[in-house]
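Have a look at the structure below before the remarks.
Readers should treat all values here as calculations from the given coordinates under stated rules, not as data from a laboratory. What you see is a predicted model, and the numbers here were worked out from it, not measured in a lab. Cβ placement follows ideal geometry from the backbone for every residue including glycine, while neighbour counts extend to all protein chains displayed.
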Amino acid sequence: MTSEEILVIPPGHELDKLIADEVMGWVDVWLVGKDFSYPKYSTDIKLAWEVVEKLRKKGRIIVMNDTGAQYRARFMEVHEYIEKWAINPNDGLTVWCESAPEAICKAALLAMM
């Protein structure tokens, strides 16, 4: 999946499934053909924060802010943050979304690429 494809996925089931599989490490082989409800990572801030903690354990930190109209998020390695603390908002890894959970999830998927 490309970064462009990730960025256009709306919050909901498909994005939640990607987070469960690609970030949280779920194995869904036993779920094939079943109607399964994934945790709502892309719409629930408490669950989205579990994504932040998962990546934190992998040595990534989230850099995030609220612009008043949107949320901006990017995951970085700690040394990268120290060296490049000013983030270029058009770098291809920074995500702009209407909700914080959506921004966290999309930034996490980009970080895992």
Computed ³J(HN,Hα) along region 10-19: with the Karplus parameters 6.51/-1.76/1.60, θ = phi - 60°, integer Hz and x for glycine or proline, the list is x, x, x, 3, 5, 5, 4, 5, 4, 5
Computed ³J(HN,Hα) along region 45-53: with the Karplus parameters 6.51/-1.76/1.60, θ = phi - 60°, integer Hz and x for glycine or proline, the list is 4, 4, 6, 4, 5, 5, 5, 4, 5
Would you order Lys57, Lys17, Lys106, Lys46 from fewest to most other beta-carbon atoms within 10 Å of each residue's own beta-carbon? Lys57, Lys46, Lys17, Lys106
Taking neighbour counts of Cβ atoms within 10 Å as a proxy for exposure, in what order, fewest first, do Thr43, Thr2, Thr94 appear? Thr2, Thr43, Thr94
Rounded to whole Hz, the Karplus (6.51, -1.76, 1.60) HN-Hα couplings of region 102-113, x for glycine and proline: 5, 4, 4, 5, 5, 5, 5, 5, 5, 5, 7, 6
